[in-house]
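Student: Below you'll find the structure I mean.
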Amino acid sequence: MAPYFSAKTLAELHQHHQKVLGQFANLTIRIMTQNFKSDRGKEFALHGFMRRMGTIVRAVDQVFTLLPPEREDIPEREEVQDAIIAIQSFVLNIFGCLDNLAWIWVCERAVKAKNGTELGPNAIGLLKTHRQVRASMSNELQTYLDSHEAWFDHIKSLRDALAHRIPLYIPPYVVRTANMDEHNRLEQEATEALNRLNTARYDQARNDQKKLGEFRPWMTHSFSEQAPHIIFHGQLLSDYATIDELAGKILVGLDA
């Protein structure tokens, strides 16, 4: 079986993974030295946003340790489950980071509703629907956020599926079309063995099924929703880089 990633892609994935810790260190220094005007904004920055970012960095490390991109064998069920836990935590905390950045902005800029009252929690965010927050930003920052609307939709889609519908998961393996008939036959054999409480034959049928499969570094959530199969190594690194850049833009905007 040929490797899933080319040597060049593997090198790029590991290179970008190694950059994450440096980016996180730089962002930590930037947040720690920020001159916050409000205690609430400072709390959201230190105990909301940065706590989440630390979890996100750890989640990326966990995935790369458990399921490194050069791995070709089918991983054990426990390894896949632990990687799924890390990815689910990553997605929820990325979305939480977006809300934390919005709260930091609102607290530091004292953004109010049109009638002068405090904004309700549902009115605070960075999406286009959060009009009052967006309107308080410079044209340059609004343009930047507009250019990332597709990314916001991507993160929101994953978060909504995870929180409310079908959670993200990593398929244990995939089976080529040519092997599907044999895989289905072994499925029937495993079911019959289980009904007869023949655990040895059941385990053998499952092992034989596994030999027909190939592992793919994909994550998805719902078949009925025709959710895409996303190559998770690159996606995690890309999403981390985006939230890191976005945080920098928000901090620059606060200093302006």
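Student: Just want to confirm a number: the relative contact order over the range 174-214, from Cα pairs under 8 angstrom separated by 6+ residues, in percent. Walk me through the numbers on the way to the answer.
Tutor: Working: 30 pairs, mean separation 21.4, N = 41.
Rounded, it is 52 percent for the range 174-214.
Student: Using a Gaussian network for the chain with springs between C-alpha atoms less than 10 Å apart, which of these wobbles most: Glu245, Glu182, Glu43?
Tutor: Greatest mean-square fluctuation among the candidates belongs to Glu182.
Student: Taking 8 Å as the Cα distance limit and 6 or more residues as the minimum spacing, I'd like the relative contact order of the chain as a percentage.
Tutor: It comes to 22 percent, rounded to a whole number.
Student: Along the positive direction of the dipole of the chain (beta-carbon charges: Lys, Arg +1; Asp, Glu -1; about the Cα centre), which of Ala178, Ala241, Val133 reaches farthest?
Tutor: Most positive-ward Cα: Val133.
Student: Separation between the Gln81 and Asn115 pseudo-spin-labels, each 7 Å from Cα along Cα→Cβ, expressed in nm?
Tutor: So the label points at Gln81 and Asn115 sit 5.1 nm apart.
Student: Using label points projected 7 Å from each Cα along Cα→Cβ, tell me how many nm separate Gln15 and Arg40, to one decimal.
Tutor: 4.5 nm
Student: What residue among Ser136, Ser147, Ser238 has the largest mean-square fluctuation in a Gaussian network model of the chain, using Cα springs under 10 Å?
Tutor: Highest fluctuation of the listed residues: Ser147.
Student: I would also like to ask the following. Pull up all non-local amide H partners of His130: gap of 5 or more, or a different chain, and H-to-H distance under 5 Å with H placed in the peptide plane.
Tutor: none
Student: Mind telling me which of Arg71, Arg206, Arg58 comes out most flexible in a GNM of the chain, alpha-carbon contacts under 10 Å?
Tutor: Of Arg71, Arg206, Arg58, the Gaussian network model singles out Arg206 as fluctuating most.
Student: If you project the alpha carbons of the chain onto their three principal axes, what span does each projection cover, largest first, in Å?
Tutor: Here the spans come out as 70, 38, 29 Å, largest first.
Student: Let me ask you something else. Take Lys210 and Thr191, extend 7 Å from each Cα along the Cα→Cβ direction, and tell me the distance between the two endpoints in nm.
Tutor: Here the answer is 2.2 nm between the modelled labels.
Student: Calculate the length of the line joining the C-alpha centroid of the range 93-118 to that of the range 172-230, in whole Å.
Tutor: Using only Cα atoms to place each centre, the spacing works out to 47 Å.
FYI, it's all coordinate maths here, none of it is from the lab. These figures come from a predicted structure and were not determined experimentally. Methodologically, a virtual Cβ is constructed for each residue, glycine included, from the backbone with ideal geometry; neighbour enumeration extends over all protein chains shown.
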